[in-house]
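K.L.:
Before anything else, here's the structure in question.
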Amino acid sequence: MRIFTQASDLSNQIKKIKKEVDKIGFVPTMGYLHEGHESLIKQSVLENQKTIVSIFVNPLQFGENEDLATYPRDLKSDLKKCEKLGVDFVFTPNESDFYNNHKTKVKVSEMSNILCGVTRPVHFEGVTTVLAKLFNITKANNVYMGQKDAQQVSIVKKMVKDLNFDLDIIQMPIVREIDGLAKSSRNKYLDGENRKEALVLFNILSSIKKIVENGELEVDKLKYEARKILKKYSKAKEDYIEIVNKNTMKKQEMVDEESMMILAIFIEKIRLIDNMKLLED
Ligand code: AMP
């Protein structure tokens, strides 16, 4: 496994291997790797001749009052995990080199201002900007992303289509803890009581899915039921609870095969997201 910190060095390496390799897989991450990330990496190693993982806490996707400074980091352990999983190249760019005199932003309009984009207005622009750079540097054929960040994947798919990136986005299922909490680097912030309160997300999603399966399809009624569950958790506050089309992220009035419940909940200051498809195809 080789580790690169300079984009130009990684680019040169990719140019060399592109002649012999026709499938490069890429897994973009912010590090502090857990089983969610590992599922993406494993799939990439399985489906490609070479796998690149980037580990970069991208400052562009954090707002002023967010957790950029305290975001969990453990590069040593991340590198060990990558090595064990058979990753070929790890890219850990240095922020000042990577964004040296950088002026360009990439933004997918409309989709970036809804749901998470309301509370995090610069977030998705930061994500699409860093990914546009990383896609060009890695020359990846397949990019692996998690359903956990459903809005992110749908925005990135739209960018890929609109800007004619020659690659496929492969969307991988959410990996959860045994009790249902979606794995996340930010779960490190959850201790004691807050860890219990964090189950509110999975509880709402699985309860609403059951209600839908029993025949209730009206979104307003389902959101009312979701908020009733939320009230049972004293430390949990709604950022948003919505039912949207899983591809366009547009709100719906009635549940159909493309519906997904998506939510963001604060447990005190910790903001957690999750989602679930409500009806099987
Ligand atoms: P992050 O390091 O949080 O930016 O995540 C990097 C990638 O891992 C993104 O595509 C996430 O959607 C994905 N990911 C994060 N958590 C999970 C999870 N619990 N299950 C599946 N994929 C995940």
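K.L.:
Do you know the relative contact order of the stretch 120-191, to the nearest whole percent, from alpha carbon pairs under 8 angstrom that are 6+ apart?
P.N.:
In percent, rounded to a whole number, it is 30.
K.L.:
Can I ask one more? R0 = 25 Å: FRET efficiency of Ile170 with Ile114, Cβ-based, nearest 0.05?
P.N.:
According to the calculation, E is roughly 0.55.
K.L.:
Can you give me the relative contact order of the chain as a percent, contacts being Cα pairs under 8 Å and 6 or more apart?
P.N.:
The normalised contact order for the chain reaches 17 percent.
K.L.:
Counting only DSSP beta bridges with both residues in the chain, tell me the antiparallel percent, nearest 5.
P.N.:
So the antiparallel bridges amount to about 50 percent of the total.
K.L.:
Sticking with this structure for a sec: Among Val160, Asn245, Met1, pick out the residue whose Cα is farthest towards the positive end of the charge dipole of the chain, where Lys and Arg carry +1 and Asp and Glu carry -1 on C-beta, about the Cα centre.
P.N.:
Met1
K.L.:
Now, a different point. How big is the gap, in Å, between the Cα center of the stretch 1-68 and the Cα center of the stretch 76-126?
P.N.:
What the calculation gives is 10 Å, centre to centre.
K.L.:
Okay, next question. Just to verify a number: FRET efficiency for Glu83 and Asp179, C-beta to C-beta distance, R0 = 35 Å, to 0.05?
P.N.:
For Glu83 and Asp179, the calculated efficiency is 0.70.
K.L.:
Give me the aspartates and glutamates in straight-line cross-link reach of Lys269: C-alpha distance below 15 Å, same-chain residues under 8 apart excluded.
P.N.:
Lys269 reaches Glu64, Glu66, Asp67, Asp191, Glu193, Glu197, Glu238, Asp239.
K.L.:
Compute the length gained on full extension between Lys161 and Glu258: take 0.36 nm times their separation in residues and subtract their Cα-Cα distance, giving the result in nm to one decimal.
P.N.:
Here the answer is 32.9 nm.
K.L.:
Okay, next question. Let me make sure I get this right: for the stretch 169-266, a, b and c are the square roots of the gyration tensor eigenvalues over alpha carbons, sorted descending. Under 1.5 in a/c it's rounded, otherwise prolate if a/b > b/c, else oblate. Which is it?
P.N.:
The shape class here is oblate.
K.L.:
How much net charge surrounds Leu181 when only other residues with a Cβ under 15 Å from its Cβ are counted (Lys, Arg +1; Asp, Glu -1)?
P.N.:
With Lys, Arg at +1 and Asp, Glu at -1, the net is +2.
K.L.:
With r as the distance between the Cβ atoms of Lys188 and Asn65 and R0 = 30 Å, compute the FRET efficiency 1/(1 + (r/R0)^6) and round to 0.05.
P.N.:
0.95
K.L.:
Please compare each pair in Lys16/Lys158; Lys188/Lys209; Lys15/Lys81; Lys23/Lys277; Lys148/Lys209 to a cut-off of 19 Å on the Cα-Cα distance and tell me which ones are over it.
P.N.:
Lys16/Lys158; Lys188/Lys209; Lys15/Lys81; Lys23/Lys277
K.L.:
Sticking with this structure for a sec: For helix 219-230, report the angle its Cα long axis makes with the longest principal axis of the Cα atoms of the chain; keep it between 0 and 90° and round to the nearest 10°.
P.N.:
90
Every number in this text was worked out from the coordinates using simple rules, so none of it is lab data. Every value quoted in this text rests on a predicted model; they were computed, and no experiment measured them. Note: ideal-geometry Cβ built from the backbone for every residue, glycine included; neighbour counts use all protein chains shown.
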